[in-house]
Amino acid sequence: MLSYVKQQEKEWYARPARLSRGQAVIGCARADVVHWLHRDRELLDCARTAHAVTFEEVDDSDAATRGLALRRVAAHLGSPLMEEFQQWAGETHFWCELLAQIACALTQYEEIRGRMFRMVEDVLHQRDERPLPDGLRRAGAIGSAVHWAWRFVLASVVAASGAGSLATLLASGDVERLLWPIRVIAVLMCPDASHHPTVREHCWEPIVRLARAEVRNSVRERLTQVFADDPWFVPGRNSPGWA
């Protein structure tokens, strides 16, 4: 590895005509990354495995665990179009751009996830019911409850739904599989939703409006009459559930 680093350093200083300054410095940086990966074998093995599973081009039809993304795209496009696509992808840096955009999206997801945790905490702190006693506030009771409830509710829903993992479910975009069990738990846990507008809005409303629980029309009408100040129970919303 050190010989590779030294070679890239040599090319940086000598700068052959075939290399621009940008190419030369990227070569040096890449050599450092390669050196780093050979010191961090766990990261190297993970990256190698992910690359092989997703992108490795194989001729052996028995290699069912490699090149899965390419196989799926090829199955969708067919051989002639796949060859054309791969040529275009190589010329336009498509696959590395895709990975860079995934990295960008995951970074934003991490930021959003952090904001989601803080948002839930902030809202719970600001509720105008009985204020949290000072001792519990200083101990971080709400933050602890948010962290662990979020972690175990989501993990248990994913496990029970057979979705594989939370990462797999989020990658599929199927957040409904998370939302429905959480809504059901909330409406069944709530001791009195008639005094809990948040549960009515975020949990009862979609259950009623989307008709997945087959709530009777007569009950829907009563909800609109009893909770006339709840805009989310107003009939005529753009959903077949209110038909």
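Computed values, structure above
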read-out	value
Ratio of the Cα radius of gyration of segment 90-165 to 2.2 N^0.38 Å, where N counts its residues	1.64
Contact order relative to length of the chain, as percent, for alpha carbon pairs under 8 angstrom and 6 or more apart	7 percent
Where the chain is the region considered: accessible area per residue in Å², 1.4 Å probe	72 Å²
Net charge contributed by nearby residues that have their C-beta within less than 15 Å of Gly78 (K/R +1, D/E -1)	0
Among Leu132, Leu77, Leu37, residue whose mean-square fluctuation peaks in a GNM of the chain (springs only between Cα atoms under 10 Å)	Leu37
Answer label for Rg and Dmax of the Cα atoms in Å (calculated), chosen among (i) 20.1, 61; (ii) 30.4, 94; (iii) 26.9, 83	(iii)
Nearest 10 degrees, 0 to 90: helix 217-226 Cα axis against the chain principal axis	70 degrees
Cα-based helix-to-principal-axis angle, 41-55 vs the chain, degrees rounded to 10	80 degrees
Interchain or long-range residues, amide H under 5 Å from Leu19's placed H	none
Accessible-area composition of segment 1-109, carbon plus sulfur, in percent [1.4 Å probe]	59 percent
Sparse-neighbour loop sites [GluC sites (Glu not before Pro); segment 109-145; at most 10 other C-beta within 10 Å; DSSP]	Glu129
Neighbour-limited loop hits for chymotrypsin sites (Phe, Trp or Tyr not before Pro), segment 55-162 (at most 15 other Cβ within 10 Å; DSSP other than H, G, I, E, B)	none
Between segment 134-155 and segment 83-127, the Cα center-to-center distance that results, in Å	26 Å
Exposed-loop-free span, longest in the chain, where trypsin sites (Lys or Arg not before Pro) count as exposed if DSSP calls them loop and at most 14 other C-beta atoms lie within 10 Å	19-126
Estimated D of segment 117-243 in µm² per second, where Rh is the Kirkwood radius over Cα pairs and Stokes-Einstein applies at 10 °C, 1.306 mPa s	95 µm²/s
Within segment 197-233, GluC sites (Glu not before Pro) in DSSP loop having at most 13 other beta-carbon neighbours inside 10 Å	Glu214
With Cα atoms, 0 to 90° folded angle of helix 2-14 axis to the chain main axis	70 degrees
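The values are calculated or read from the model by the stated rules, or taken from the named source; none is laboratory data. What you see is a predicted model, and the numbers here were worked out from it, not measured in a lab. Don't worry about glycine lacking a Cβ; one is built from the backbone with ideal geometry, like all the others, and counts go over all protein chains shown. Calculation scope for accessible area: heavy atoms of the full protein, side chains included, ligands and nucleic acids excluded. Shrake-Rupley method; radii C 1.70, N 1.55, O 1.52, S 1.80 Å.
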